[in-house]
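Each remark here refers to the structure printed beneath this line.
The values are calculated or read from the model by the stated rules, or taken from the named source; none is laboratory data. Predicted model only: the values in this text are computed from it and were never measured. Please note: Cβ atoms are built from the backbone with ideal geometry, for glycine as well, and neighbour counts cover all protein chains shown.
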Amino acid sequence: VAPRDRDPSAELGRFAEPAMLVLVSLSDGPRHGYAIMADVEAFSGSALGPGTLYAVLARLERAGLVEPLPVEDRRHPYRITASGHEAIAAQLSQMEELLRVGRSRLPRAGQQHA
Amino acid sequence: MSGDRRLHRLLLRAYPPGWRRRYGAELLALLAERRSGWRDVPDLLRGAFDAWLSGRVAARQPALPGPLLATVPARSVAAVSLPVSSRAHGIVATAPSPGEMSRRAFMRRLLGAGVTLLTLEFATGTINFLWPQIRQGLGAKFRVGTVKDVLAVDARFANGWPYAYNPARAFLVNVPAAKELALGQDVSITELAAPTCWRCGASARTWAAWCRRPAIRSPGTSAAAIAARTTSWARRCMRVRPSVAWTASR
């Protein structure tokens, strides 16, 4: 079985980074599109455009990482699923590992250039 | 309907029909709330392009493994139609739903649209270049003026530099001075005795003969065809000849 078959987030492609922002935003509760954009901008400083946001939501929904809730005022709030939680947890672990390795190597790199 | 709403509805039409049915209303609601006007246009166009490209990908994605399948919303499961073919590695291919198209059909249309656009651009550019003046059309006659007029606009014409007359899409060449310039001589010729053919650069006494010479002959062409073509060429040459030198010679 190819790795792509095991990883539902494999199809995110170039939307991997905005997808992570959206998943983080949905981690503490369901939100609709506009609230996701506002939240992402507040905690990351990155402004997601509406086209990007819905491209990401469509992919996340297809991958089963988020799910829509019943319509409220013409808008679907979205909720992160259990596999979405797993995916974002795995991503954050990878980033933590990257952070740890990067920090441990950074002083040595500085010494080499000194 | 306000201008922004009209614009947003227009942009939404760039998305695939299936995508519009699913996300269209909420995207419009979001755009109305955002009131961003034109700023979101590039982002929405990118999103539309992505939606066309990835629209059928969902149905072709590998089936999710057991534990994950339970988390996929019922809506997504219902959206997957009966598989047309299944492969050993689990990829499920489905026929496009009504109003949707396959990735192959989309790529074909995209390619067709690209070729059409390129052809149109080329044709428009060519006509635009050849069409000297909208009112007069192709083959129009232009009076550029005398040598004195040209020198008043561009004094380097006397030293052999070509003079570009944009309305006619033509260059005028002071041939005697240009020949000297090509040899590295610094000359200034302001009196031209004979008219100059803008097309071939030859003087009036010789241009017709020059135009009949081998430039337009090709191997295997019959003598009659050459004669017809040379006549046509020469005629055209005469028609577009209202160069500065012609006027100056009078």
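Brief remarks on what is shown
- Selection count where residues are modelled with pLDDT under 65 and in contact with a strand residue (DSSP E or B) (Cβ under 6 Å, 6 or more places away or on another chain), scope the range A:1-43: 1
- Some residue of the range A:70-81 being in contact with a helix residue (DSSP H, G or I) (Cβ under 8 Å, 6 or more places away or on another chain), modelled with pLDDT of 90 or more and buried (at least 23 other Cβ atoms within 10 Å of the Cβ): yes
- Residue within the range A:28-39 that is farther than 26 Å from residue B:35 by Cα, among the β-branched types (Val, Ile, Thr) and under 13 Å from the mean Cα position of the chain (by Cα) present: no
- Flag if residue B:118 is aliphatic (A, V, I, L, M), out of contact with any Phe, Trp or Tyr (no Cβ under 9 Å at 6 or more places or on another chain), at pLDDT 85 or above and exposed (fewer than 13 other Cβ atoms within 10 Å of the Cβ): yes
- Of all residues in the range A:54-81, those satisfying the criterion of being more than 21 Å from residue B:18 (Cβ to Cβ) and either facing chain B (nearest Cβ under 9 Å) or of a type outside the set (A, V, I, L, M) (or both) are A:72, A:73, A:77, A:79, A:81.
- Selection of the range A:37-47 for residues being within 14 Å of chain B (Cβ to nearest Cβ), surrounded by fewer than 23 Cβ atoms within 10 Å (Cβ to Cβ) and either aliphatic (A, V, I, L, M) or within 19 Å of residue B:46 (Cβ to Cβ) (or both) yields A:38, A:40, A:41, A:46, A:47.
- Looking at the range B:139-226, the helices (runs of 4 or more DSSP H) lying wholly inside it that each contain 1 or more residues that are of a type in the set (D, E, K, R), within 34 Å of the chain's Cα centre (by Cα) and modelled with pLDDT under 50 sit at B:207-212.
- Residues considered: A:84, A:51. Of these, the only one that is part of a helix (DSSP H, G or I), surrounded by 23 or more Cβ atoms within 10 Å (Cβ to Cβ), within 11 Å of another protein chain (Cβ to nearest Cβ) and more than 13 Å from the chain's Cα centre (by Cα) is A:51.
- The condition (being more than 11 Å from every other protein chain (Cβ to nearest Cβ) and either closer than 27 Å to residue B:108 by Cβ or modelled with pLDDT under 85 (or both)) is satisfied by just one residue among B:37, B:47, B:24, B:18: B:37.
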